[in-house]
Every structure is written in structure tokens, then in C-alpha cells.
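Asker: This is the structure I want to talk about, given as C-alpha cells.
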Amino acid sequence: MSNVLFIGYKNYSSWSLRPWLALRWAGIPFEEREVRLDQPGYGRQEIADVKAVAPNGTVPALHADGLVIWDSLAIAEWAAEQAGPGVLWPEDPALRAQARAAACEMHAGFGAVRRDLSMNIHRRMQRAPDWPDDTRRQLARIDELWSGLREKHAHLGPWLFGTRSIADAFFTPVATRLRTYAVGASDAATAYRDTLLADPDFLAWEAESVGDSWDASGYSVIDGLYR
Ligand SMILES: N[C@@H](CCC(=O)N[C@@H](CS)C(=O)NCC(=O)O)C(=O)O
């Protein structure tokens with residue numbers, strides 16, 4: 001079987017990181033190919049190199065033996081089906097339904113957080129900026145979601161639902177954002193953030209993201225480009 005995952009720059013492309021983790025956690029072999037997003041058409045889903053591999057003009061896109069899957073959550077769900085029960089979603093149906101709700105909340109929401117705290121894995125701010133109200137509210141919701149679920153599932157393991165799931169893959173880019181922008185969080189949310197950031201597959205992605213485009217001052221020339 002030949003699986004090719006098309007992704008954006010590893011330092012910035014939060015949507016690419018999510019299914020990349022899901023594929024790795026499921027042990028599914030794949031080749032990755034980076035597509036340059038700092039090209040004409042960005043933001044309008046009209047980059048020719050992206051449209052050549054994804055009909056909607058965005059990455060990630062997985063080509064699995066000729067089957068094209070052009071959305072991060074759909075790729076993660078495909079990986080879960082390939083892997084079989086209990087690998088990428090909790091075994092327990094009630095936990096599984098809630099894990100799906102958490103992943104979907106991330107996939108469909110948190111627009112202000114994506115706007116104001118764009119992923120930049122290697123950047124560190126000394127103190128958090130003064131966020132607008134909608135961003136504050138969404139950061140508080142993330143804290144509430146994480147700490148509530150962690151308290152409930154602590155006896156099952158360190159992940160959001162005890163065992164590692166697609167919900168964790170979907171929140172890993174958020175963990176990098178909290179670190180980058182020095183966002184204060186509750187003890188439970190901070191501990192969960194650190195669990196995500198210590199995952200060996202995330203660390204492999206992070207290590208490979210160093211070589212992205214930086215200007216002389218050490219900041220990305222395309223900082224803020226990806227949400
Ligand atoms: N809903 C899509 C969003 C993917 C997305 O927005 N990808 C960005 C990069 S992180 C992109 O390809 N943008 C290209 C553009 O806007 O032109 C998914 O979850 O896969």
C-alpha cells in the first residue's frame with residue numbers, strides 16, 4: 001500500500017500536524033511531502049501546487065492508493081478505521097462519543113484562538129499579549145474542557161480520555177500555542193499540555209520543523225500565515 005501525506009511547513013501547519021500524529025500513533029506507514037504555502041493564492045485556497053494534490057486547495061491531504069482524503073479529521077478517521085477498535089478512539093462507546101465531540105469542537109471551532117495564537121512551534125513570547133474578549137473566552141473554554149476531562153479520566157491514564165486518541169492529536173497544536181504565547185492555565189490543563197508536548201511523535205515533528213523559513217531576526221518570514 002502506498003500512502004502519501006501532503007503537509008504544510010511543520011513549524012506552522014497545525015492542520016497538518018493532527019493527522020500526521022494520528023497516522024504515526026496508528027503505526028500506519030506513510031511518506032510525507034511538504035507543499036510550500038508561501039505562494040500566490042494562499043488564503044484563497046488557490047495555490048496551484050496544493051490544488052494539484054487536494055481538490056479544495058488545502059493541506060493536509062492523504063493519497064492512499066489513489067484515494068484522495070482532503071481533510072485533517074477525515075484522514076484521522078480513516079487511520080482509526082485502518083488501525084481497528086481501541087487504537088485511535090477509546091474502546092468505551094460513551095468515551096468514544098465524547099472524544100469525537102472534543103475533536104470536532106477543535107476542528108470546527110476556536111477561530112479566535114487560531115486567529116490570534118497562530119501555531120509557531122519554535123517561537124517563545126515572554127508574556128501573553130492582551131487578548132480580545134472572544135480569544136479570552138475561547139482560551140477559558142479550552143482550560144475548562146481540558147481540566148474537566150482530565151479530572152474525570154485521570155484514573156484511566158494521562159490523555160484527555162485516559163488512553164491516547166484523535167482528540168489528543170487535535171489538541172496538540174493548541175498545546176504548542178499555549179507554550180508559545182505564555183498562556184496561563186490551571187494545573188490540570190498545564191499537566192495535560194505537558195503530556196502532549198512530551199509525546200515522542202510530536203517531538204519528532206518538532207525536531208524536523210527547525211529548518212523552516214526564518215529571517216535574520218529569528219522570526220519566520222511567514223509568521224501568522226497559518227491558522
Ligand atoms: N479543514 C481543513 C483546514 C486545512 C487548512 O486550512 N489548511 C491550511 C494550512 S494549515 C491551508 O492549506 N491553507 C491554504 C490556503 O488557505 O490557501 C482541514 O482540517 O484539513
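None of the figures in this text is laboratory data; all of them are computed from the coordinates on show. Source: prediction; values computed, not measured. Reconstructed Cβ throughout: ideal geometry from the backbone, glycine too, with neighbour counts over all protein chains shown.
Asker: If you keep only loop residues by DSSP, which trypsin sites (Lys or Arg not before Pro) in segment 21-55 have at most 13 other Cβ atoms within 10 Å of their Cβ? Before the final figure, lay out each step's value.
Answerer: Details: sites: Arg24, Arg33, Arg36, Arg44, Lys51; in loops: Arg36, Arg44.
Sparse-neighbourhood loop trypsin sites (Lys or Arg not before Pro): Arg36, Arg44.
Asker: Return the ratio Rg/(2.2 N^0.38 Å) for segment 3-83, where Rg is computed over Cα atoms only.
Answerer: Details: Rg = 11.9 Å, N = 81, 2.2 N^0.38 = 11.7 Å.
The value comes to 1.02.
Asker: If amide hydrogens are placed 1.01 Å from N in the peptide plane, which non-local residues have theirs closer than 5 Å to the one on Arg33?
Answerer: The list, which skips near neighbours in sequence, is Leu5, Phe6, Ile7.
Asker: Using the Karplus curve 6.51 cos²θ - 1.76 cosθ + 1.60 with θ = phi - 60°, what ³J(HN,Hα) values do you get for each residue of segment 198-204, in whole Hz, with x for Gly and Pro?
Answerer: Per residue, the Karplus-derived 3J(HN,Hα) values read 9, 4, x, 6, 4, 4, 5 Hz.
Asker: On to the next question. When the label point is put 7 Å from the Cα of Asp65 along its Cα-to-beta-carbon vector, which residues of segment 74-95 have a backbone N closer than 15 Å?
Answerer: 78-79, 81-84
Asker: What nm distance separates the two modelled labels at Ala188 and Arg137, each placed 7 Å from Cα along Cα→Cβ?
Answerer: Placing both labels 7 Å along Cα→Cβ, they lie 2.3 nm apart.
Asker: Treat every Asp and Glu Cβ in the chain as -1 and every Lys and Arg Cβ as +1, leave all other atoms uncharged, and give the resulting dipole magnitude about the Cα centre to the nearest 20 debye. Before the final figure, lay out the partial values.
Answerer: On the way: 24 positive and 30 negative charges, 83 e Å.
Result for the chain is approximately 400 debye, rounded to the nearest 20.
Asker: Next question, about the same structure. With a cut-off of at most 15 other beta carbons within 10 Å, and DSSP calling the residue loop, which GluC sites (Glu not before Pro) in segment 1-106 qualify? Please list them. Intermediate values should be presented prior to the final figure.
Answerer: Values: sites: Glu31, Glu32, Glu34, Glu46, Glu77, Glu81, Glu91, Glu105; in loops: Glu46, Glu91.
Passing sites in segment 1-106 are Glu46, Glu91.
Asker: Give the Kirkwood hydrodynamic radius (Å, one decimal) of the chain, defined as one over the mean of 1/r across all pairs of different Cα atoms. It would help to have the intermediate numbers written out before the result.
Answerer: Details: mean 1/r = 0.0557 Å⁻¹.
After inverting the pairwise mean of 1/r, the radius is 17.9 Å.
Asker: Taking the dipole about the Cα centre of segment 3-83, with the C-beta of Lys and Arg at +1 and of Asp and Glu at -1, give me whichever of Val59, Ala80, Ile69 is farthest to the positive side.
Answerer: Val59
Asker: Which percentage, to the nearest 5, of the DSSP beta bridges contained in the chain is antiparallel?
Answerer: Working: 10 of 14 bridges.
Percentage antiparallel, nearest 5: 70.
Asker: Could you derive backbone 3J(HN,Hα) for segment 83-91 from the dihedral phi with the Karplus parameters 6.51, -1.76 and 1.60 (θ = phi - 60°), listing whole Hz in sequence and x where the residue is Gly or Pro?
Answerer: Those phi angles translate into 6, x, x, x, 8, 10, 10, x, 5 Hz.
Asker: Just for segment 3-83, what percent of DSSP beta bridges are antiparallel, to the closest 5? Mind showing how you got there, number by number?
Answerer: Values: 7 of 11 bridges.
Given both bridge residues lie in segment 3-83, the antiparallel proportion sits at roughly 65 percent.
Asker: Projected onto the charge dipole of segment 93-207 (+1 at Lys/Arg Cβ, -1 at Asp/Glu Cβ, origin at the Cα centre), which of Leu139, Gly109, Ile166 gives the Cα projection farthest towards the positive end?
Answerer: Gly109
Asker: Can you grab the distance from the C-alpha centre of segment 176-205 to the C-alpha centre of segment 75-137, Å, no decimals?
Answerer: Comparing the Cα centres of segment 176-205 and segment 75-137, I get a distance of 12 Å.
Asker: Taking Cα pairs under 8 Å and at least six residues apart, what relative contact order does the chain come out at, in percent? Kindly include the intermediate steps, with their values, before the conclusion.
Answerer: Working: 335 pairs, mean separation 56.2, N = 227.
Once normalised by length, the contact order is 25 percent.
Asker: Additional query: Given Cβ point charges of +1 (Lys, Arg) and -1 (Asp, Glu) and nothing else, what value in debye, to the nearest 20, does the dipole of segment 1-112 about its Cα centre take?
Answerer: Details: 9 positive and 13 negative charges, 42 e Å.
So the magnitude is around 200 debye.
Asker: Counting only Cα atoms, I'd like the Rg/Rh figure for segment 127-189, Kirkwood definition for Rh. Let's see the in-between values first.
Answerer: Details: Rg = 12.3 Å, Rh = 12.4 Å.
The Rg/Rh ratio comes out at 0.99.
Asker: Sticking with this one: In nanometres, what is the gap between the two model label sites at Asp130 and Glu31, each 7 Å from Cα along Cα-to-Cβ?
Answerer: 5.2
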